[in-house]
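First the structure, in the form of structure tokens, and then the observations on it.
None of the figures in this text is laboratory data; all of them are computed from the coordinates on show. In this text, all values refer to a predicted model and were calculated from it rather than measured experimentally. Quick reminder, even Gly has a Cβ in these numbers, built from the backbone with ideal geometry, and neighbours come from all protein chains shown.
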Amino acid sequence: MNKLRPVILDGDPGHDDAIAWMLAKASPMLDIRAVTSVCGNQTIEKTTCNAQRVCTLLGIRAPVAMGKPAPLLARPMNAPSVHGQSGLDGPVLPEPNAPLSPLRSVALMAKVLRESETPVTIVPTGPLTNVAALLLAHPELKPKIETISLMGGGITHGNWTPAAEFNILVDPEAAKTVFESGVPIIMSGLDVTERALLFPADFERIRRVGNRVAHVVADWLEFFYGFHRELGYAGAPVHDPVAVVSLVRPDLLTSRPLCVEIETRGEYCRGATVGHDRAPANALVNFDIDRGGFADLLVEAVGTYGEE
Ligand code: RIB
Ligand code: CA
């Protein structure tokens, strides 16, 4: 029996964050030790409320902690056009079945790292504010971080600006801190996540699994696809779950090690993730995904949930 991998999920749910957490919970390889919210798709209050409701829906029993209310230096920036006013518009979700942790995100992350017998993997699927704050406040805990498998950036292009992807652009200073930390990084940027496309036929495959989580995930995908269809996408680029695929099914991915540096000063390029091989690699960067295998994995994952 392979040893379980302890993980901390850090995100700004967000439809694709929620689907990433559904995949993580369904994986027999992962042991979710904590969930932390971050300000990104919506305000920290809204992403925290969404995190609690998603964990209740999925049966994630790990503590949920509220993250930092704003990026390290930048002013908060949200994405209501993509995820709606609640940050997770669409299906009604259950009321939280557990109180928030009395600890805030950095304190909970540090506690989990300190108490874990083995190094912990952190899976950020929003801006890197909490992870950077953890690294700055507790550099002594770096050896207790196995890997940071993140969704963010794009070597060849951005989405919020031509140069920058949303998660990195919201907090470039945090991203710079993380990519310069020396902690091993797996980067799932737009290069791979815009190939992680799910089409309406995939939404229906998921819905036909028939349990409550299957219906909610199909509803999330339909809502999330609505914004992208307006932009001319043939399907929904389901970004965040790829950070989990990197851990549970790396065989579905094509990757290469690169040195990734974060632009924090450019007038037009702030938040760009500049990848090159002119210096030692600091990240394993995913560039392609077996789309059919990805869709099959999500169908299989929703099938692990009960009928309730
Ligand atoms: O650019 C895509 C990223 O921004 C995803 O993590 C999505 O949830 C939003 O946070
Ligand atoms: Ca996200």
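Please check: in the Gaussian network model of the chain (C-alpha springs, under 10 Å), which one of 259, 55, 39 has the largest mean-square fluctuation.
Sorting by GNM fluctuation, first place goes to 259.
Could you check the simple spin-label distance between residue 281 and residue 211, using points 7 Å along Cα→Cβ, in nm with one decimal?
Going from the residue 281 label point to the residue 211 one covers 3.7 nm.
Let me know the charge dipole size of segment 251-308 about its Cα centre in debye, to the nearest 20, where only the beta-carbon of Lys, Arg (+1) and Asp, Glu (-1) is charged.
Numbers: 5 positive and 11 negative charges, 106 e Å.
Approximately 500 debye in magnitude.
Taking all pairs of distinct Cα atoms, average 1/r, flip it, and tell me the Kirkwood hydrodynamic radius of the chain in Å to one decimal place. All intermediate terms of the calculation are to be shown ahead of the outcome.
On the way: mean 1/r = 0.0531 Å⁻¹.
After inverting the pairwise mean of 1/r, the radius is 18.8 Å.
If the only charges are +1 at each Lys and Arg Cβ and -1 at each Asp and Glu Cβ, what is the size of the charge dipole of the chain around the Cα centre, to the nearest 20 debye? Intermediate values should be presented prior to the final figure.
Details: 27 positive and 35 negative charges, 122 e Å.
Charge dipole of the chain: 580 debye, to the nearest 20.
Specify the residue with the greatest mean-square fluctuation among 234, 65, 51, computed from a Gaussian network of the chain linking alpha-carbon atoms under 10 Å apart.
Highest fluctuation of the listed residues: 234.
What's the magnitude of the charge dipole for segment 146-291 around its Cα centre, counting Lys and Arg as +1 and Asp and Glu as -1 at the beta-carbon? Answer in Debye, nearest 20.
Numbers: 13 positive and 20 negative charges, 67 e Å.
So the magnitude is around 320 debye.
Taking the Cα centre of segment 191-245 as the origin and placing charges on Cβ (Lys, Arg +1; Asp, Glu -1), which of 199, 242, 213 is farthest toward the positive end of the dipole?
About the Cα centre, the residue reaching furthest to the positive side is 213.
Please build a GNM for the chain, connecting alpha carbons under 10 Å apart, and tell me which residue among 182, 275, 84 fluctuates the most.
Answer for the Gaussian network model of the chain: 182.
Assign one of three labels to segment 117-216, namely rounded, prolate or oblate, based on the Cα gyration tensor with a ≥ b ≥ c the square roots of its eigenvalues; rounded applies when a/c is under 1.5, prolate when it is not and a/b is larger than b/c, and oblate otherwise. Don't jump to the answer; show the numbers that get you there.
Numbers: a/c = 2.73, a/b = 1.52, b/c = 1.80.
Note, shape of segment 117-216 comes out oblate.
What percent antiparallel are the DSSP beta bridges of the chain, to the nearest 5? Don't skip to the end; give the middle numbers.
Numbers: 13 of 36 bridges.
Within the chain, antiparallel bridges account for around 35 percent of the total.
Ranked from highest to lowest mean number of other Cβ atoms within 10 Å per residue, what is the order of the peptides 89-96, 297-304?
Numbers: 89-96: 14.4, 297-304: 18.8.
Highest-to-lowest ranking by the protection proxy: 297-304, 89-96.
If R0 is 30 Å, what FRET efficiency do you get for residue 115 and residue 180 from their C-beta distance, rounded to 0.05?
On the way: r = 27 Å, r/R0 = 0.89.
E(calc), rounded to 0.05, equals 0.65.
Take the residue pairs 3/176; 3/46; 68/142 and return only those whose Cα atoms are more than 29 Å apart. If you can, show how the numbers build up before the last one.
Values: 3/176 32 Å; 3/46 35 Å; 68/142 20 Å.
Too far apart for the 29 Å limit: 3/176; 3/46.
If r is the Cβ-Cβ distance from residue 45 to residue 142 and R0 is 30 Å, what FRET efficiency results, to the nearest 0.05? Don't skip to the answer; put the middle values down first.
On the way: r = 30 Å, r/R0 = 1.01.
It comes to 0.50.
What spacing in nm lies between the two simple spin-label points modelled at residue 304 and residue 254, each 7 Å away from Cα in the Cβ direction?
Those two pseudo-labels are separated by 2.8 nm.
Which shape class, rounded, prolate or oblate, goes with segment 52-145 when its Cα gyration tensor gives a ≥ b ≥ c as root eigenvalues, a/c under 1.5 marks rounded, and past that a/b bigger than b/c marks prolate?
On the way: a/c = 2.35, a/b = 1.33, b/c = 1.76.
Judged from the Cα gyration tensor, segment 52-145 comes out oblate (a/c at least 1.5, b/c at or above a/b).
What does the helix-only formula give at 222 nm for the chain: each DSSP H stretch with n ≥ 4 adding -39500 (n - 2.57), the total divided by the residues, and the result rounded to the nearest 500 deg cm²/dmol?
Numbers: 12 runs with 115 residues, N = 308.
So the helix-based figure for the chain works out to -11000 deg cm²/dmol.
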